[in-house]
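Below is one structure, written out as structure tokens; the observations come after it.
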């Protein structure tokens with residue numbers, strides 16, 4: 001176990017209401033060679049806005065095998081703008097580190113452990129990979145991915161981390177294991193966990209040596225899957241990492257609403273801080289760039305479990321970039337609200353049951369409608385999510401789902417204006433009905449689906465064929481709104497935390513017929529007296545009609 005100083009633990013305990021993760025900020029053709037002051041103003045736009053709760057920024061400088069700065073261990077980006085910076089002595093990483101410090105914002109260097117070599121566009125050749133093909137394993141990336149079971153890989157990666165730690169006076173180094181697993185041999189990841197733990201011991205030794213040289217702590221963070229089962233699947237022995245004090249901060253997940261913070265707290269103890277993370281590009285299937293109520297619901301559930309803060313990933317950092325002004329307004333609102341349970345109190349929220357897979361395209365992660373178990377990795381797959389789920393066509397057994405509701409709505413019933421349970425179904429058996437006899441079609445998801453995924457609308461008679469129970473209590477017959485079944489619930493139906501939802505089909509079909517399928521389930525919570533901006537109302541209405549907001553893939 002590492003002997004860490006009181007000063008080190010004080011650094012661990014800094015306030016981090018919201019951590020912004022900048023996804024490969026240098027990895028595009030338009031970045032290199034520009035006026036550094038202009039780039040700083042652009043990237044710090046939202047960070048400097050009044051009322052934002054951003055305390056920390058993790059700057060992710062590329063895929064991890066090339067550098068935007070003159071490195072000893074990695075080749076410089078092969079692009080004229082970066083060469084001009086190097087020739088004129090501009091170190092863009094130092095520029096952003098200085099800008100962070102000037103603004104009183106904590107700054108980490110986030111390093112992609114196994115990036116995909118997509119810097120500056122299509123996959124680039126990496127000299128070290130060309131020299132050592134025996135160090136690689138192949139999945140969907142033509143360049144291959146590093147196999148950390150091999151000593152040479154671990155030594156090479158430590159040499160890069162050592163250079164970063166010696167060169168830059170950062171507050172910490174964050175290791176991004178989400179980009180990309182597998183980091184250990186496919187199908188044997190857990191069997192090789194000791195090699196990865198040995199690598200983490202090396203990282204801690206590197207950062208402690210750097211801390212001694214500069215006279216102040218250098219923290220270690222790691223991005224790991226959103227639950228312990230996923231960590232084990234990918235060979236990340238986080239229990240040992242925490243026990244040996246090899247990490248100080250854990251960023252939990254990337255694109256999952258369902259983060260098991262309570263389990264991580266049991267193994268992490270008081271010395272390790274936990275930050276659930278949400279990605280709004282490779283999003284939870286069907287929830288890319290949703291209205292602010294979705295983010296509020298996820299963040300409220302995380303705070304209830306005892307999160308130490310929230311991390312955002314692939315959010316806008318300035319108005320109109322990268323996903324457009326309407327999405328940027330929502331992201332800026334998130335930065336002003338998500339960093340505290342207090343600023344989320346009695347604000348309208350949506351709590352959702354998650355869909356498995358999706359979010360990337362089938363070359364990486366299977367989509368829910370064509371699901372197969374991913375063998376390369378657990379990370380990013382949401383493979384334990386319960387939706388979609390088929391209903392029992394014989395009407396004997398409920399489809400059982402749980403939905404977490406953070407707010408104590410029963411205790412605050414007088415403040416609650418309305419609670420709805422919204423259900424989106426598909427029914428292939430209704431395909432031969434005339435359009436007028438079916439509910440409206442709904443867009444389920446966009447990213448990773450070509451061009452989008454829609455439900456198979458059930459017949460209008462479905463309102464008489466579905467029963468829905470909340471914690472055993474039967475709700476009244478639903479209304480129909482925009483293709484969704486809308487059940488009105490009461491505050492007293494809900495407990496704080498997990499709630500059991502039972503859905504029963506009374507269609508009376510023969511078991512050979514196609515069952516109905518639950519595509520989405522959401523609990524919409526609206527408080528009295530809340531007024532929303534026009535953009536919020538517009539986006540919330542669109543979400544209720546479509547269940548998803550699509551944007552172009554980058």
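Every number in this text was worked out from the coordinates using simple rules, so none of it is lab data. Since the model is a prediction, treat every value here as computed from it, not as a measurement. In this analysis, Cβ positions are derived from the backbone assuming ideal geometry, glycine residues included, and neighbour counts consider all displayed protein chains.
Quick notes
- For the stretch 268-359, the alpha carbon positions stretch 40, 30, 25 Å along the principal axes, listed from largest to smallest.
- Theoretical ellipticity at 222 nm over the chain - DSSP helices of four or more residues, -39500 (n - 2.57) apiece, nearest 500: -7500 deg cm²/dmol
- For the peptides 436-442, 248-254, residues were scored by their other Cβ atoms within 10 Å and the scores averaged per peptide; the highest-first order is 248-254, 436-442.
- A quarter of the convex hull surface defined by the alpha-carbon atoms of the chain gives 25.6 nm² as the mean projection.
- Whole-Å semi-axes of the stretch 368-546's equivalent ellipsoid (Cα gyration tensor): 26, 21, 19
- Packing-based ranking, highest mean first, of 328-341, 140-153 given that Cβ atoms within 10 Å are counted: 328-341, 140-153
- By the count of neighbouring beta-carbon atoms within 10 Å, fewest first, 206, 488, 90, 523 end up ordered 488, 90, 206, 523.
- Distance histogram in 5 Å bins (all Cα pairs of the stretch 6-279, percent per bin): 1, 6, 13, 17, 20, 18, 14, 8, 3, 1, 0
- Normalised contact order of the chain, rounded percent, pairs of Cα under 8 Å and 6 or more residues apart: 13 percent
- Put in order of Cβ neighbour count within 10 Å, fewest first, the listed residues 218, 128 become 128, 218.
- Residue order, fewest to most beta carbons within 10 Å, for 63, 417: 417, 63
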